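Notes follow once the structure below has been shown.
The values are calculated or read from the model by the stated rules, or taken from the named source; none is laboratory data. Small disclaimer: the values here were computed from a predicted structure and weren't measured. Heads up, the Cβs are rebuilt from the backbone with ideal geometry, glycines too, and the neighbour counts pull from every protein chain shown. All accessible areas refer to the heavy atoms of the entire protein, side chains included, with ligands and DNA or RNA removed. Shrake-Rupley method; radii C 1.70, N 1.55, O 1.52, S 1.80 Å.
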Amino acid sequence: MGLTAGIIGLPNVGKSTIFNALCSGSGKAEAANYPFCTIDPNHGIVPVPDERLTRITKLIPTEKIVPAYLELIDIAGLVRGASKGEGLGNQFLGHIKSVDAVVHVVRCFEDGDVVHVDGSVDPLRDISTIDTELMYKDFETAEKGLARVSKLAKTGDKDAKTKFAVYEKIHQKLGEGVPARKALDAEELEIIADMHLLSSKPVLYVTNVGEDDLLEDNKYVKTVAGHAASEGASYVKICGKVEAEISELPVEERADFLDSLGLAEPGLSTLARGIYKLLGLETFFTAGEKENRAWTIHAGATAPQAAGVIHSDFEKGFIRADVYTLADLENYKSENAIRAAGKMKSEGRDYIVKDGDLMFFKFNV
């Protein structure tokens, strides 16, 4: 899909540990107890766990199961003063500019053996430090953009006048300490999309806790949850240390280990699905003897666009899509029975794909 999420946070909050566990070898980042052990951004491809694939395969046996995937970037830890170049800050902020959404890891555990760059655990202070650095950089960007657009607006350029009003608003709001994602609506953000404001990225907060706080939220997690709610964002809770242990276990031993911790699934499964949703992505499925597969689409994609995800020729020569639901598959047990019951729908070019649709495309090239 070409969409990426960047993992950010202060140094030593567990970003690279979580990234490594998520990627399970596809893009190992260095994880160490000192700031800036990650300098160049690390890229990884992450499978998105989806129990619907398992349910489909119970009724449509296949040779191969392929999940959906995400692209993640592990960005080096930011520190106070990053917008002015502290700790290679300008370089790191530039990496954030290239991603579509931000996964903000927040330290919510006490550990005297793991250095905190500010000397103590304080999630709101840490979040504020990151947000402030992003907004400082955005303020500089907005200031330059405002000066440029102002000149064009004075010539009577209609588009420039529209942009000027939004540039002026965001410049003021950033100066007041309001990030772009809270200051502007979707239409306004689209108008100034060419500014690539760092604080305009949608955010998912990840509270990294100790093993003792896995089952019950500690005070730090509750604080982050309240902050996320106040800005319409979401959060997930995981223990990076435990997730790292799980990722190193043989697959057949993971269920027993999770059970011993009182967990139904790894926290990373919840995190991967959260990132998927943050990027505005949905899934449709194809199923057959050779392969059962989850495909990634943008929410709101049409049937031809979904077909194009499989192959561009499918979109060019799209005729129709046969569509049914997992609920119907589980009720009628087979595609033939679904068709006989009149539950198989034939959809045309205007059909908006629903998350979880099972689809078979008819095309002519």
If you go through the stretch 143-151 one residue at a time, do you hit one that is surrounded by fewer than 17 Cβ atoms within 10 Å (Cβ to Cβ), on the phi > 0 side of the Ramachandran plot, modelled with pLDDT under 95 and out of contact with any His (no Cβ under 9 Å at 6 or more places or on another chain)?
-> no
Residue in the stretch 104-120 that is within 21 Å of the chain's Cα centre (by Cα), surrounded by fewer than 19 Cβ atoms within 10 Å (Cβ to Cβ) and closer than 22 Å to I7 by Cα present = no
Filtered residues of the stretch 74-94 (kept if modelled with pLDDT of 65 or more, open to solvent by less than 10 Å² (accessible area, probe 1.4 Å) and either of a type in the set (G, A, S) or over 14 Å from K137 (Cβ atoms) (or both)) | D74, A76, G77
Inspect the stretch 277-298 for any residue being out of contact with any Lys or Arg (no Cβ under 6 Å at 6 or more places or on another chain) and part of a helix (DSSP H, G or I) and give the result as yes or no.
-> yes
Conditions (1) within 28 Å of V203 (Cα to Cα); (2) modelled with pLDDT of 95 or more; (3) open to solvent by less than 20 Å² (accessible area, probe 1.4 Å): number failed by S269 | (2)
Count of residues meeting criterion [crowded, with 18+ Cβ neighbours inside 10 Å and free of Cβ contacts under 8 Å to residues at least 60 places away in the same chain] in the stretch 291-319 = 10
Pairing a residue in the stretch 159-172 that is among the polar types (S, T, N, Q) with any residue that is open to solvent by 90 Å² or more (accessible area, probe 1.4 Å), where Cβ atoms lie under 6 Å and the two sit 6 or more apart in sequence or on different chains, gives none
Taking the stretch 57-72 only, how many residues are in a strand (DSSP E or B) and not aromatic (F, W, Y)?
-> 6
Specify the residue that is farthest from the chain's Cα centre (by Cα); the eligible residues are those in the stretch 199-229 that are open to solvent by 30 Å² or more (accessible area, probe 1.4 Å) and small (G, A, S).
-> G226
So L134 fits all but one of (1) open to solvent by 20 Å² or more (accessible area, probe 1.4 Å); (2) assigned to a helix (DSSP H, G or I); (3) touching a residue at least 12 places away in the same chain (Cβ under 8 Å); (4) not basic (K, R); what number is the exception?
-> (1)
Considering each residue of the stretch 329-359, count those that are open to solvent by 30 Å² or more (accessible area, probe 1.4 Å) and either part of a helix (DSSP H, G or I) or of a type in the set (S, T, N, Q) (or both), and give that number.
-> 10
Test: residue in the stretch 97-112 that is among the β-branched types (V, I, T) and at pLDDT below 90 | no
Show the residue pairs that are 6+ apart or on different chains and have beta-carbon atoms under 8 Å apart, the first residue being within the stretch 177-203 and of a type in the set (D, E, K, R), the second being in a loop (DSSP other than H, G, I, E, B) and surrounded by 20 or more Cβ atoms within 10 Å (Cβ to Cβ).
-> R181/K201; K201/V99
